[in-house]
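What follows is a short report on a single structure.
The values are calculated or read from the model by the stated rules, or taken from the named source; none is laboratory data. These numbers come from a predicted model, not from an experiment. All Cβ positions, even for glycine, are placed from backbone atoms using ideal geometry, and neighbour counts span all protein chains on display.
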Amino acid sequence: MRKARIQQLPLAEATPDHPKAKELAKISEILDRNNSICDLVFQEIGTAGSETGANGMTAEQVLRAAIIKQIGNHSA
């Protein structure tokens, strides 16, 4: 069953010299302060109440990965 969230590392802490480090840190701060954003993602992709399926990424991990993908202009 997919979980909504688990404790995550900040998006930018590991590479403070990265060109987008400040932007990622601010986004991470916003996500940490607004759990409702993650809750909306969980409503869309979660299978609340279901005990079947693989233990994949949490809704928060999906959200953070999507943000990185969008900011980095990555395709697929």
request  = Would you mind telling me which numbered condition in (1) modelled with pLDDT under 75; (2) of a type outside the set (Ser, Thr, Tyr); (3) surrounded by 14 or more Cβ atoms within 10 Å (Cβ to Cβ) Ile67 fails?
outcome  = (1)
ask   = Of all residues in region 44-55, which are at pLDDT 65 or above and polar (S, T, N, Q)?
value = Asn55
note = Across region 1-43, the tally of residues that are at pLDDT 90 or above and in a loop (DSSP other than H, G, I, E, B) stands at 1
